[in-house]
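The values are calculated or read from the model by the stated rules, or taken from the named source; none is laboratory data. Just so it is clear, the structure is predicted and the values come from calculations on it, not from any experiment. All Cβ positions, glycine included, derive from the backbone under ideal geometry; neighbour counts span all protein chains shown.
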Amino acid sequence: MKIPLKRSAGLAIAGIAAVGIIYACAGQRTATTNLVTGDAASKVYVAPGSYDEYYAFMSGGYSGQVSVYGLPSGRLLKLIPVFSQFAEDAYGYDAESKPLLETTYGFIPWDDSHHPELSMTDGVPDGRWLFINANNTPRIARIDLTRFETDEIIQIPNSAGGHASPFTTPNTKYVVSATRFSVPIPNTDVPIDSYKKSFKGTLSFITADQPGKMDIAFQILMPGYNYDLGHAGKGPSDGWFFFTSYNSEQANTKLEENASQNDKDYIAAVNYKRAEECVAQGQAKPMAVEYFHNYVDPGSRTAKSEKKTSVKVIDPVNCAGVVYYLPTPKSPHGVDVDPTGEYIVAGGKLATVIPVHSFTKLQKAIADKAFDKTVDGIPVLKYDAVVAGEVQKPGLGPLHTEFDGKGFAYTSMFISSEVVKWKLGTWEVVDRIPTYYSIGHLMIPGGDSKKPWGKYLVAMNKITKDRYLPTGPEMAQSAQLIDISGDKMKLLLDFPTIGEPHYAQALPASLIKDKQVKFHKLAENTNPWVTKSEADGGITRAGKKIDIKMIAIRSHFAPDNIEGVQVGDTVNFHVTNIEQDWDILHGFAVLGAQTSELILQPGETRTLTWIPKGPGVYPFYCTDFCSALHQEMQGYIRVSPAGSSVKLMANVSKKAQAQLAEAQKEK
Amino acid sequence: MSRIPRMLLLLAAGLLLVAVRLPLWRVSLVAPQYPEGLGMVIDAHTVRGAKENDLGNINALNHYIGMKAIDPTAIPELRVMPWVIVGLAVFAAGGALVGRRKVAIAWLASFAALGAVGLWDFWKWEYTYGHDLDMVHAIIKVPGMTYQPPLIGSKQLLNFTATSWPASGTYVLALAFLLGVSALVVTRWMGPVATSKPARAAGASRVAVA
């Protein structure tokens, strides 16, 4: 969803009231409310010690992260930090992970994550990676699903508002990113009301099938509309990509009204195989831009940043046949391709029907040159020549559609707050179920792929109100689990979520649960500051910089008594968790540090930087309850005034311990 | 001895060679925190973790009770044991070759004796590790508590249930021993060598010697 709905609940409620009247006229709301029947509890009950059937990955929206839930229980399994700093595990705070959040604007501690996308093989989720977009400062992240960690982030140049992202092609060759906000390209200082003349959109195709090597293959320069969502073709439409756009009015102020004038906006149908040809033939112009590519080196588990300086840009004027516009009512939001790859379903936010385009008709219309006009080198196809059908009276505010693989489509209706089930081909509505309240995206595991696992549907709602015990003005966003295995949809479960899940994806747990990494092999740790055994720890000074190499193991740090640090020094604690056992983590925090703690997975090295402000003795301790003697897992670091004669000392080796004993005797 | 018992002895020799490469004993440790369990495997030549790092993790836990780190290089018997088993195999093969009952009996007797010594030695190491605790540096001190795992069966050691059982190698060794016993039994059943039909080669050599 692109509208900050949570913040405009009042507006939305007013909208509901207004359209309620229209809706009453539209009529035919199912009398039954499809509420829980007696066996719902048993259908979502996952007994203690048992596992859920699916992993669901939900975007965090304005939290910038990804949350992982088990389905059908709705239990929260994990938060994966992606675009926002996460003090809980030092993501974006420690020296090892900070480079992931580097951009041409400098270090950015937050973003708005919208659409998780699973990697696919032959159009089916394969459980290798999860991609997710940053909307505000356009970026795409790759999350490795053997570790549930962000491994790579690429910035998208020539883009503002990376909303139509990071939808994947059937074999994960590309993920995409399109500009929600058109901007001057290259971005320069121009009057805002020169929008129609100087503002442009871009559609970016990013290679994604090589971990650590994401790169922008090419960008397509587009008319200055708002590009909203996208989906790849599959099967017969493999090689094509579909993006919705709105604001074909090209308004630059009060879009609410000014961008809602035209009866139809466009779906951009992109033939990316044709784009590849144009690139191969040199039709794409290299453009000087700057963007960052950040990735985690697996051995050192340390992120590295590289700045890239060029991108290939295709102007459709110079690459005929690369893009066509499909007229689509009205201000379309979602664009979803059915499992067969034939039907392209649009969610026209303000439309009274759900239009469905046919890929077969699209090809014929192109062959017949059934064009209305051409916009900036892009032919606009005739609506009647491409539309396969329209779902009549579906409800109000259609946004997104997913599929069950059994010939049915499920569309979320924001304004009438319901999920509508309809039949592909006949376009008849067969069932509807209310949601609580104002659903945005919906998700069926694999529901946008070639082979959906059509058992459950999750509704992700924008307004929560009275669904849970109240928690002040702001409530957690709410999701609902709906059983779609029968003819009638049945509500099974409500569960609160983290941040604002926009979209989610899910897949059977069996695809990833047995591939999980349990610890990092210490022998393979290539971090330059690794300490592989107690005897290897120590302390070194280089000017005002102090580096302490330290190990953590149940239940002590070594060294744990450190002296010789002076006010004015910058102290780097390089702590290695030398455990080689599953789920045995240690933490590290030092009094007065103006940063987060460290959380150390078994076998890894992380760095906390501390600038002591005054003389004294400062304790440090383990923050993750690791063992029976966790409370004993602590140490001290002594800070002396600048210029002090206290010797640099860390009690690691027997010799150092002897020296420490001697020093104490002398006192 | 006739052909069948000699073949049995040869087979026993082969099994002994197989057993050298198989795990002989397995000690598993399960605790509330270790539902997946930790385990130790005793091979003829070494002690190792059942899973990667299990031995290191067992040692890491044992430091709490003051137990010495289990280090296979500190157990000299492990350097000898493979050769003892290989020696028994050679002995058995030799027995098959000469085909004399007394040799087979001598082999079985030494096998039994060495097996008994081996078990005693294993028990003694368990005893040593379980009792020889560094009470100065031990973190958890339970008066009167020792940590000797059982030779066979289960025993509760603080939060861990230690279970010890012979592993495949020991069963193969036992089978080799039983084959030896059978060879003797078969020899007795079949009576004197001369009446044995298939023992022509052996009979011939005997004639030559005579």
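Taken over region A:527-572, the criterion of being farther than 12 Å from A:Leu600 by Cβ, polar (S, T, N, Q) and away from chain B (no Cβ under 14 Å) is satisfied by A:Thr540, A:Asn561, A:Gln566, A:Thr570, A:Asn572. Number of residues in region B:27-48 that are within 11 Å of chain A (Cβ to nearest Cβ) and at pLDDT 95 or above equals 1.
Kindly establish whether B:Asp132 is among the acidic types (Asp, Glu) and closer than 30 Å to A:His556 by Cα. Criteria met by B:Asp132.
Of all residues in region B:49-90, those being of a type in the set (A, V, I, L, M), more than 14 Å from every other protein chain (Cβ to nearest Cβ) and closer than 17 Å to B:Ala162 by Cβ number 2. Scan (1) part of a loop (DSSP other than H, G, I, E, B); (2) under 22 Å from A:Thr168 (Cα atoms); (3) not hydroxyl-bearing (Ser, Thr, Tyr) for the single condition A:Ala320 breaks and write down its number. So the condition that A:Ala320 fails would be (2). The residue that is farthest from the chain's Cα centre (by Cα), counting only those in region A:545-562 that are at pLDDT 95 or above and of a type in the set (D, E, K, R), is A:Asp560. Number of residues in region A:178-205 that are among the polar types (S, T, N, Q) and either within 26 Å of the chain's Cα centre (by Cα) or assigned to a strand (DSSP E or B) (or both): the value is 5.
Please indicate, with yes or no, whether at least one residue in region A:640-654 is touching a strand residue (DSSP E or B) at 6+ places or on another chain (Cβ under 7 Å), on the phi < 0 side of the Ramachandran plot, within 14 Å of chain B (Cβ to nearest Cβ) and modelled with pLDDT of 95 or more. Scanning region A:640-654, I find no residue that is touching a strand residue (DSSP E or B) at 6+ places or on another chain (Cβ under 7 Å), on the phi < 0 side of the Ramachandran plot, within 14 Å of chain B (Cβ to nearest Cβ) and modelled with pLDDT of 95 or more, so the answer is no.
Of the numbered conditions (1) farther than 18 Å from B:Gly180 by Cβ; (2) surrounded by 11 or more Cβ atoms within 10 Å (Cβ to Cβ), B:Val117 satisfies every one except a single condition; which is it? The single condition B:Val117 does not satisfy is (1). Of the listed requirements (1) in a strand (DSSP E or B); (2) of a type in the set (D, E, K, R); (3) crowded, with 17+ Cβ neighbours inside 10 Å, A:Glu276 misses just one: (1). Listed here are the strands (runs of 3 or more DSSP E) enclosed by region A:347-428 that have at least 2 residues being touching a residue at least 40 places away in the same chain (Cβ under 8 Å): A:353-358, A:371-375, A:378-381, A:398-403, A:408-413, A:418-423. A:Ile637 fulfils the conditions (1) surrounded by fewer than 19 Cβ atoms within 10 Å (Cβ to Cβ); (2) over 37 Å from the mean Cα position of the chain (by Cα); (3) more than 14 Å from chain B (Cβ to nearest Cβ); (4) aliphatic (A, V, I, L, M) except for a single criterion, (1).
Of all the listed residues (A:Lys364, A:Lys421, A:Lys349, A:Lys406), the sole one being more than 32 Å from the chain's Cα centre (by Cα) and not acidic (Asp, Glu) is A:Lys364.
Hey, can you tell me all the residues within region B:47-61 that are part of a helix (DSSP H, G or I) and either of a type in the set (S, T, N, Q) or over 23 Å from the mean Cα position of the chain (by Cα) (or both)? Those that are part of a helix (DSSP H, G or I) and either of a type in the set (S, T, N, Q) or over 23 Å from the mean Cα position of the chain (by Cα) (or both): B:Gly56, B:Asn57, B:Asn59, B:Ala60, B:Leu61. Any idea which of A:Ile584, A:Ile578, A:Ile498 is in contact with a Lys or Arg (Cβ under 8 Å, 6 or more places away or on another chain), closer than 26 Å to A:Val68 by Cβ and of a type in the set (A, V, I, L, M, F, W, C)? Residue meeting the stated conditions: A:Ile584. Just one residue in the set B:Ala93, B:Ala113, B:Ala138 is among the small types (Gly, Ala, Ser) and either within 30 Å of A:Ile551 (Cβ to Cβ) or within 14 Å of another protein chain (Cβ to nearest Cβ) (or both); that residue is B:Ala138.
When the residues of region B:141-154 are filtered to those that are within 21 Å of B:Lys68 (Cα to Cα) and exposed (fewer than 14 other Cβ atoms within 10 Å of the Cβ), the one that is farthest from the other protein chains (Cβ to nearest Cβ) is B:Gly144. Might you let me know whether region A:295-314 holds any residue that is outside any strand (DSSP E or B), at pLDDT below 95 and crowded, with 17+ Cβ neighbours inside 10 Å? No, region A:295-314 contains no residue that is outside any strand (DSSP E or B), at pLDDT below 95 and crowded, with 17+ Cβ neighbours inside 10 Å. The residue that is farthest from the other protein chains (Cβ to nearest Cβ), among those in region A:573-632 that are free of Cβ contacts under 8 Å to residues at least 24 places away in the same chain and more than 22 Å from B:Glu36 (Cα to Cα), is A:Gln594. Look through A:Gly161, A:Gly235, A:Gly212 and report the one residue that is under 25 Å from A:Lys382 (Cα atoms) and among the small types (Gly, Ala, Ser). Among A:Gly161, A:Gly235, A:Gly212, only A:Gly235 is under 25 Å from A:Lys382 (Cα atoms) and among the small types (Gly, Ala, Ser). When A:Ile354 is tested against the conditions (1) at pLDDT below 95; (2) crowded, with 23+ Cβ neighbours inside 10 Å; (3) of a type in the set (A, V, I, L, M), the lone failure is (1).
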